[in-house]
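Every read-out reported here was derived from the displayed coordinates using simple, explicitly stated rules and does not represent laboratory data. Everything numeric in this text was worked out from a predicted model, so none of it was measured. Neighbour counts are summed over all protein chains in view; Cβ atoms, including those assigned to glycine, are modelled from backbone coordinates with ideal geometry.
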Amino acid sequence: MIPITKPFLNNNDLKHIKNVLSSKILTDGYYQAKTESVIKNYLKSKFVAVTHSCTAALEISAILIDLKPGDEVILPSYGFVSIANAIVLRGAKPIFAEIDPIDLNISFDDIKKKISKKTKAIYVIHYAGNACEIEKISKYAKSKKIFLVEDAAHAFLGKYKKKFLGTFGDIGVFSFHETKNIIGGQAGCISLNNPKFIQRANNILDKGTNRKIYIKNYKKKIISSKNNKKFYSWVDLGSEYRAPELSCALLYSQLLKIKKIQNKRKKNWLIFKRLIQKLNTKEFYLIKPNKKSTSAYHILGLIFKTSSLARKFKNVFQDKKIAATFHYVPLHKSKMGKKFCNYKLPITENIYNRVVRLPLFSEMSNKEIKKISQLLLKLFN
């Protein structure tokens with residue numbers, strides 16, 4: 001079976017993992033600092049912390065913007081459950097918005113319709129590694145004085161007008177789960193573009209303690225009983241959100257070869273794009289970035305004319321040992337989602353079961369690409 005995705009791993013990854021085991025430092029070590037520095041330099045953000053998951057980064061974002069009961073947060077219904085959980089865990093209400101039928105990103109027009117006096121934040125997703133209407137949404141959020149959080153789980157190093165996705169809003173979160181372009185086990189990270197969050201973020205990351213400030217002061221030898229900073233203590237909400245050193249070591253190793261990984265993914269995606277253009281079929285269309293954005297090439301996704309055609313296509317591919325899958329069930333249609341949403345989202349409901357993902361990864365062999373291409377040609381030429 002050709003899988004949907006496969007991580008790019010080699011002996012260099014193993015070397016960095018062995019370095020951690022040899023050092024016997026499994027938290028707060030060399031690789032955590034190094035990895036955060038590399039990501040921060042890439043994004044040119046104010047602050048970066050590697051977390052044990054993107055889910056953790058989303059939960060931190062909700063604490064940072066001080067979500068509470070009575071607040072409303074606008075987000076796309078077509079997305080992964082972690083984005084909704086982060087909001088609901090703080091007692092806020094998710095307000096699900098429509099998506100654009102071409103790129104499956106949140107609809108700017110529907111955001112404007114869903115805004116109310118209770119709106120505290122907008123959470124956007126850059127689906128498949130392609131930018132949503134982030135420039136418009138960012139300007140709109142600022143004009144309304146509400147927070148903007150970017151879920152760039154699919155979109156590390158994706159861009160809009162040469163600016164990295166995840167750096168337009170107050171906060172950006174990223175995923176390095178094993179299903180993503182580069183991996184750190186299931187690590188994630190949070191990037192802060194609003195400097196006022198930095199000190200509190202460190203407290204939240206350290207289980208709600210001021211440990212980071214304590215260590216900084218200790219190194220500067222300014223710890224004394226006079227300034228009441230002889231010990232660190234509990235000062236805020238928090239949890240065990242930081243990534244372990246082993247995850248950071250793997251992620252650091254992956255970052256060293258990210259250009260190679262991204263170039264290969266782009267090359268493979270473009271092969272399929274050219275093939276689909278040549279087919280000139282009206283049975284489906286390719287999910288692709290808008291003209292002003294640079295994709296992270298995370299997903300090879302097709303949107304079919306009907307749900308029955310999508311099911312038929314998926315089954316044929318799976319019978320030929322080629323992975324083909326549907327993606328998200330809209331959050332507002334789920335058991336939990338219905339507790340917060342009693343309205344319909346016609347575009348989302350019409351399109352979600354017509355989306356089929358096909359294999360895309362950097363180490364796809366020519367044989368695998370040929371097999372997928374030949375089956376597409378056979379079915380639609």
Point-to-point label distance, LYS15-ASP319, nm (Cα→Cβ direction, 7 Å offset): 4.8
Rank SER143, LEU58, LEU358 by how far each Cα sits towards the positive end of the charge dipole of the chain (+1 on Lys, Arg Cβ; -1 on Asp, Glu Cβ) and give me just the farthest. SER143
Environment charge at ALA121 (Cβ cut-off 13 Å; Lys +1, Arg +1, Asp -1, Glu -1): +3
Given N residues in the stretch 258-380, what is Rg(Cα) / (2.2 N^0.38 Å)? 1.17
Report which label in (i) 21.9; (ii) 17.8; (iii) 20.3 holds the value of mean projected area of the Cα convex hull in nm² derived from the coordinates of this structure. (iii)
Whole-Hz ³J(HN,Hα) for each residue in the stretch 174-183, computed from phi via Karplus 6.51 cos²θ - 1.76 cosθ + 1.60 with θ = phi - 60°, x for glycine and proline: what do you get? 9, 10, 10, 4, 4, 8, 8, 4, 10, 10
Can you compute 3J(HN,Hα) from phi for each residue in the stretch 52-57, using the Karplus curve 6.51 cos²θ - 1.76 cosθ + 1.60 with θ = phi - 60°, rounded to whole Hz and x for Gly and Pro? 6, 6, 5, 4, 4, 4
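Given charges of +1 on the Cβ of Lys and Arg and -1 on the Cβ of Asp and Glu, with all other atoms neutral, how large is the dipole of the chain about its Cα centre, in debye to the nearest 20?
Numbers: 71 positive and 27 negative charges, 169 e Å.
So the dipole magnitude of the chain works out to roughly 820 debye.
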By average C-beta atoms within 10 angstrom, highest first, the peptides 252-258, 115-121: 252-258, 115-121
Over all distinct alpha-carbon pairs, what is the Kirkwood Rh of the stretch 21-79 in angstrom? 14.3
For the stretch 180-214 versus the stretch 122-136, the gap between their alpha-carbon centres in whole angstrom: 22
For the stretch 11-256, give the share of DSSP beta bridges that are antiparallel, in percent and rounded to the nearest 5; count only bridges with both residues there. 55
Which aspartates and glutamates have a Cα less than 18 Å from the Cα of LYS46, not counting those fewer than 8 places away in the same chain? GLU36, GLU150, ASP151, ASP170
Using the per-residue mean of other Cβ atoms lying within 10 Å as a proxy for protection, in what order, highest first, do the peptides 289-297, 177-185, 243-251 fall? 243-251, 177-185, 289-297
Cα gyration tensor shape of the stretch 1-40, rounded if a/c is under 1.5, else prolate or oblate by comparing a/b with b/c: oblate
Using packing as a proxy for protection, rank 346-354, 47-55, 95-103, 30-38 so that the peptide with the highest average count of other Cβ atoms within 10 Å comes first. 47-55, 95-103, 30-38, 346-354
Only Cα pairs under 8 Å and at least 6 apart count here; give the relative contact order of the stretch 11-256 as a rounded whole percent. 25
Intensity falloff of the stretch 56-148 expressed as log10 I(q)/I(0), Debye formula with alpha-carbon point scatterers, at q = 0.15, 0.17, 0.19 Å⁻¹: -0.51, -0.66, -0.84
How many angstrom lie between the C-alpha centres of the stretch 140-158 and the stretch 17-78? 16
Explain nothing, just the number: relative contact order of the stretch 258-380, from Cα pairs under 8 Å at least 6 residues apart, as a whole percent. 35
Gaussian network model of the chain, Cα within-10 Å springs - most flexible of GLY301, GLY172, GLY337: GLY337
Take every Cα pair under 8 Å in the stretch 62-168 that's 6+ residues apart, average their separations, divide by the length, and report that relative contact order as a whole percent. 24
Say the dipole of the stretch 11-256 comes from +1 at the beta carbon of Lys and Arg and -1 at that of Asp and Glu; which of TYR252, ALA128, SER77 then lies farthest toward its positive end? TYR252
For the stretch 328-342 and the stretch 227-302, what is the separation of their Cα centres, given in Å? 26
